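K.L.:
Questions regarding the structure given below will be posed in turn.
The values are calculated or read from the model by the stated rules, or taken from the named source; none is laboratory data. Just so it is clear, the model here is predicted, and its values are computed rather than measured. A quick note on method: Cβ atoms are made from the backbone with ideal geometry, for glycine too, and the neighbour counts reach across all protein chains shown.
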Amino acid sequence: MPSGLLPSHPLDTAMPDLAIIIPSVLNGITTGSLYALIALGLTLIYGVLHIINFAHGALLMVGLYAVWFLNVQLGIDPYWALLIVPPAMFALGYALQRGIIGKASHGRDENILLVTLGLSIVIENLALYVFRSDTRIVDTPYSFETVEFLGAFLPLPKVIAFFGALVTATVLWLLMARTDLGRAIRALAKERKGAELVGINTEHVYAMSFGLGIACLGVAACLLLPSYYVTPQVGHGFVLIAFTIVVLGGMGSFVGALIGGLIIGVVEAMGGLFLGESLGQIGIFVIFILVLMFRPQGLLGHKV
Amino acid sequence: MRQLLVLLAVFSAIAVLPAVITSEFSLNIVIMMLYAALLGQAWNILGGYGGQFSFGHAAYFGTGAYAVAVLQVQLGINPWIGMVAGALLAMAVAAFIGFATFRTGLRGSYFALVTLAFAEVLRILSNSVDFTGAGVGILIPLAPGPGNLQFETKTGFFFLIWSFTLAAFLAVWWIGHSRFGASLAAVRDNEEAARALGVNAFRVKMGAIILSGLFGGLAGVFYAQYFLYLDPYIAYGPAISVESLLVPIIGGMGTLFGPLLGAVALHTVSELTRELIGDVPGISLAIYGALLVGMVLFLPRGLAGIAARFTRRNKPAGTETRHA
């Protein structure tokens, strides 16, 4: 930080702290917006299908590799990949739900949890087999550009990601509120029998919801990769964070996922600042465990 | 009684194996099968008989393993004492997790997620403190001798894991024939109904998780003494948690012999893939994952389910009607 390089004045001892904290908070908010986007997909799937998608992190990793592949092999910019990767992820999600996950429950939620866990293991280890555990990044002309805001220098890709996440959340909200598909999804989430009776094709709508949730991951992958990297295990870090956000915001709550994402982003940044990278992560898990134990309906969710 | 006789006969037959098998390589496979059966039976107590699906059994495994390793390396305490300490600590961790989750009424997917998070917290902690060797890991010095819980030959280790595993199977046999086991199955099948009948669901689940933690911890103790090396990812990483649940799911949850069947099947498959494809990173775990998906999709009652379909008499307890 530039202010750190200035000779410190004996009177403004509090200033350097603030000069570190503000950029850190802003950074946390931009990271948190991406977390929110990932959590949005998870909460959509939970809200409609009442399943916890354990393969969420692994599918994010698939999206990241897709963006990386398009960039490195075909020279497509990660932001142009927004036209390709989210639709492809949507199709993948639709197929997974229709072909495998939907068939596995046998009437028990735990079975779905096990199947999505199994899928995540398969996807991750196939990626490990194909790509090895090397860390891959994309090289874009704007990767190291920064934007100044409140005296903090924020990486341009993170600022774009923040606004991209907001736009995606708005589009998703409009889709849910204003379209026939959105109405069908909400009807199914509320009352399955009733939705069936009025002629909603439940299998199809379930798969559409799952597809939409996975498409969110596709958007997140495009926005994330310019300032991040991809390895076969990259999803691990995100999956528990996304679960934390979803339980914090209330399972199935859109607004909750957005607010939860921002909170977790800031908590992580603060934890990293004061406790160091590794121990800082514990803060997230502690929040996760405490919320699940004492307020499983989340901050904004209804009683479960 | 009949089941107990079958159990003792099977374990006596296994005990003869070191005399028959001369190659260290093959004996190692048998040892790994027994070890997987122990890990799987630990999970089966809580998951199969109790219906509480833990995604973080590495918490108990890793605690047992680190206890015996750290006490030996940092404090010079004999591993036999370390073994007892490891088992007790694993039970304490299980009691803590059980108290935190069951007291607040977490079940189903929520329980699975919280157990996973606890294992992750322990992994990060063991990665951040010095006495576990942090990310570098901890190496137990080689000192063969029964007094050091290390053995010159694989046969010694074989009987160590054989006795641990036998103890776990005897405990599960007892569960299947005791009032405690009946209460546990009642809580699994319908907790509200069980409560209405006067079952103390909290106490029953606590009993199951502590017993589960004991055997998970013993599996960790064995692992540490057998391989003499641990790091946070081995001890508390997801691989152990997955193997713990995969073994009884393949073999048959809530059955006495399920984990044994599952352990044999799993290690046969992983040895076969190693023969056919070689030691390629990722492939064996990818097959584990595919097995998990396939079993849940097509054989939700596991291999024991097939066996039960033909014999009808070894019917797994409580699989007829379940309310999630």
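K.L.:
Please find, among B:GLY258, B:GLY305, the residue that is closer than 29 Å to A:ILE101 by Cβ, more than 14 Å from every other protein chain (Cβ to nearest Cβ) and touching a residue at least 24 places away in the same chain (Cβ under 8 Å).
P.N.:
Working: B:GLY305 fails: more than 14 Å from every other protein chain (Cβ to nearest Cβ).
Result: B:GLY258 is the single residue among B:GLY258, B:GLY305 that is closer than 29 Å to A:ILE101 by Cβ, more than 14 Å from every other protein chain (Cβ to nearest Cβ) and touching a residue at least 24 places away in the same chain (Cβ under 8 Å).
K.L.:
With respect to the numbered conditions (1) hydrophobic (A, V, I, L, M, F, W, C); (2) within 21 Å of B:ILE175 (Cβ to Cβ); (3) touching a Leu at 6+ places or on another chain (Cβ under 8 Å), which one is the sole condition not fulfilled by B:LEU17?
P.N.:
The failed condition is (2).
K.L.:
Out of all the residues in the range A:285-304, which are crowded, with 18+ Cβ neighbours inside 10 Å and either at the interface with chain B (Cβ under 9 Å from one of its Cβ atoms) or modelled with pLDDT under 80 (or both)?
P.N.:
Result: A:PHE285, A:PHE288, A:ILE289, A:LEU292, A:PRO296, A:GLY298, A:GLY301.
K.L.:
Give the number of residues within the range B:110-163 that are over 22 Å from the mean Cα position of the chain (by Cα), away from chain A (no Cβ under 14 Å) and assigned to a helix (DSSP H, G or I).
P.N.:
Residues flagged as over 22 Å from the mean Cα position of the chain (by Cα), away from chain A (no Cβ under 14 Å) and assigned to a helix (DSSP H, G or I) within the range B:110-163 amount to 3.
K.L.:
Could you check the range A:235-259 and list, in sequence order, the residues that are aliphatic (A, V, I, L, M) and buried (at least 22 other Cβ atoms within 10 Å of the Cβ)?
P.N.:
Here is the first cut: in the range A:235-259, the residues aliphatic (A, V, I, L, M) are A:239-242, A:245-248, A:251, A:255, A:257-259.
Correct list: A:VAL239, A:ILE241, A:ALA242, A:ILE245, A:VAL246, A:VAL247, A:LEU248, A:MET251, A:ALA257, A:LEU258.
K.L.:
With surrounded by fewer than 22 Cβ atoms within 10 Å (Cβ to Cβ) and part of a helix (DSSP H, G or I) as the only criterion, which of A:ALA169, A:ALA161 stands out? Spell out how you get there, then give the answer.
P.N.:
On the way: A:ALA161 fails: surrounded by fewer than 22 Cβ atoms within 10 Å (Cβ to Cβ).
None of the other options fit; the residue is A:ALA169.
K.L.:
For a quick check of your reading of the model, give me the residue pairs whose first member lies in the range B:280-294 and is more than 7 Å from chain A (Cβ to nearest Cβ) and at negative phi, whose second is crowded, with 17+ Cβ neighbours inside 10 Å and aromatic (Phe, Trp, Tyr), with beta-carbon atoms closer than 6 Å and at least 6 apart or on different chains.
P.N.:
Between residues of the range B:280-294 that are more than 7 Å from chain A (Cβ to nearest Cβ) and at negative phi and residues that are crowded, with 17+ Cβ neighbours inside 10 Å and aromatic (Phe, Trp, Tyr), there is no close pair.
K.L.:
Out of the residues in the range B:130-167 that are small (Gly, Ala, Ser) and over 22 Å from B:PHE215 (Cβ atoms), which is surrounded by the most Cβ atoms within 10 Å (Cβ to Cβ)?
P.N.:
Going through the range B:130-167, the residues small (Gly, Ala, Ser) turn out to be B:133-135, B:137, B:143, B:145, B:147, B:156, B:163, B:167.
Those left that are additionally over 22 Å from B:PHE215 (Cβ atoms): B:133-135, B:137, B:143, B:145, B:147.
On the way: B:GLY133: 21, B:ALA134: 15, B:GLY135: 12, B:GLY137: 17, B:ALA143: 12, B:GLY145: 10, B:GLY147: 10.
Among residues in the range B:130-167 that are small (Gly, Ala, Ser) and over 22 Å from B:PHE215 (Cβ atoms), the one surrounded by the most Cβ atoms within 10 Å (Cβ to Cβ) is B:GLY133.
K.L.:
Quick one: is B:LEU106 buried (at least 18 other Cβ atoms within 10 Å of the Cβ), touching a helix residue (DSSP H, G or I) at 6+ places or on another chain (Cβ under 9 Å) and more than 14 Å from every other protein chain (Cβ to nearest Cβ)?
P.N.:
Criteria not met by B:LEU106.
K.L.:
Suppose we filter A:GLY250, A:GLY265, A:GLY235, A:GLY261 for residues that are within 14 Å of another protein chain (Cβ to nearest Cβ) and within 30 Å of A:TRP68 (Cβ to Cβ); which single one remains?
P.N.:
Going through A:GLY250, A:GLY265, A:GLY235, A:GLY261 in turn, just one is within 14 Å of another protein chain (Cβ to nearest Cβ) and within 30 Å of A:TRP68 (Cβ to Cβ): A:GLY235.
K.L.:
Run down A:ALA58, A:ALA88 and say which single residue is within 14 Å of another protein chain (Cβ to nearest Cβ), closer than 20 Å to A:ALA127 by Cα and either part of a helix (DSSP H, G or I) or of a type outside the set (Ser, Thr, Tyr) (or both).
P.N.:
Exactly one residue qualifies, and that residue is A:ALA58.
K.L.:
(1) more than 17 Å from B:SER163 (Cα to Cα); (2) in a helix (DSSP H, G or I): which one isn't true of B:GLY51, the others all being true?
P.N.:
In the conditions (1) more than 17 Å from B:SER163 (Cα to Cα); (2) in a helix (DSSP H, G or I), B:GLY51 misses (2) alone.
K.L.:
When both residues are 6+ apart or on different chains and their Cβ atoms are under 6 Å apart, which pairs have a first residue that lies in the range B:184-212 and is touching a residue at least 12 places away in the same chain (Cβ under 8 Å), and a second that is among the polar types (S, T, N, Q)?
P.N.:
Note: pairs meeting the criteria are B:VAL199/B:SER183; B:VAL204/B:SER183.
Matching residues to (1) closer than 14 Å to B:TYR236 by Cβ; (2) among the β-branched types (Val, Ile, Thr):
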position: B:ILE97; (1), (2): yes, yes
position: B:ALA134; (1), (2): yes, no
position: B:ILE140; (1), (2): no, yes
position: B:ALA143; (1), (2): no, no
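K.L.:
Might you let me know whether the range A:63-72 holds any residue that is within 13 Å of A:ALA161 (Cβ to Cβ), touching an Asp or Glu at 6+ places or on another chain (Cβ under 9 Å) and not aliphatic (A, V, I, L, M)?
P.N.:
no
K.L.:
Across the range B:89-100, what is the total count of residues that are under 20 Å from B:VAL242 (Cβ atoms) and facing chain A (nearest Cβ under 7 Å)? Step through it out loud before you land on a result.
P.N.:
Of the range B:89-100, the ones under 20 Å from B:VAL242 (Cβ atoms) are B:90, B:93-94, B:97.
Among the residues that remain, those that are also facing chain A (nearest Cβ under 7 Å) are: none.
Of the residues in the range B:89-100, 0 are under 20 Å from B:VAL242 (Cβ atoms) and facing chain A (nearest Cβ under 7 Å).
K.L.:
Sticking with this structure for a sec: Are any residues in the range A:260-279 surrounded by fewer than 19 Cβ atoms within 10 Å (Cβ to Cβ) and in a helix (DSSP H, G or I), and if so, which ones? First the steps, then the outcome.
P.N.:
Pass one, the range A:260-279, residues surrounded by fewer than 19 Cβ atoms within 10 Å (Cβ to Cβ): A:266, A:270, A:272-279.
Matches in the range A:260-279: A:VAL266, A:MET270, A:GLY272, A:LEU273, A:PHE274, A:LEU275, A:GLU277, A:SER278, A:LEU279.
K.L.:
Also, quick follow-up: Does A:GLY75 count as within 14 Å of chain B (Cβ to nearest Cβ), surrounded by fewer than 22 Cβ atoms within 10 Å (Cβ to Cβ) and farther than 22 Å from A:VAL147 by Cα?
P.N.:
Here the answer is no, as A:GLY75 does not meet what is asked.
K.L.:
Right, another one. Among the residues of the range A:179-191, is any away from chain B (no Cβ under 14 Å) and closer than 24 Å to A:ASP77 by Cβ?
P.N.:
no
K.L.:
Step by step: first the residues of the range A:127-151, then only those that are of a type in the set (Ser, Thr, Tyr) and closer than 30 Å to A:GLY28 by Cα, then the one that is farthest from the other protein chains (Cβ to nearest Cβ). Which residue is that?
P.N.:
A:TYR142
K.L.:
Which residue is surrounded by the most Cβ atoms within 10 Å (Cβ to Cβ), if the candidates are limited to the range A:193-213 and must be of a type in the set (S, T, N, Q) and at pLDDT below 90?
P.N.:
A:THR202
K.L.:
Right, next: Quick one: A:THR135 ticks every box in (1) within 21 Å of the chain's Cα centre (by Cα); (2) more than 21 Å from A:PRO87 (Cα to Cα); (3) surrounded by 15 or more Cβ atoms within 10 Å (Cβ to Cβ) bar one, so which box is it?
P.N.:
(3)
K.L.:
Need the failing condition index for A:THR231 against (1) farther than 30 Å from A:TYR142 by Cα; (2) modelled with pLDDT under 90, just the number.
P.N.:
(1)
K.L.:
To continue, here is another question. Does the range A:116-126 contain at least one residue that is more than 23 Å from the chain's Cα centre (by Cα), closer than 24 Å to B:GLY47 by Cβ, of a type in the set (A, V, I, L, M) and within 14 Å of chain B (Cβ to nearest Cβ)?
P.N.:
No, the range A:116-126 has no match at all.
K.L.:
Which condition breaks for A:THR116 when tested against (1) assigned to a helix (DSSP H, G or I); (2) in contact with a helix residue (DSSP H, G or I) (Cβ under 6 Å, 6 or more places away or on another chain)?
P.N.:
Every condition holds for A:THR116 apart from (2).
K.L.:
Moving on. Restricted to the range B:225-266, and to residues that are assigned to a loop (DSSP other than H, G, I, E, B) and touching a Gly at 6+ places or on another chain (Cβ under 8 Å), which residue is surrounded by the fewest Cβ atoms within 10 Å (Cβ to Cβ)?
P.N.:
B:ASP231
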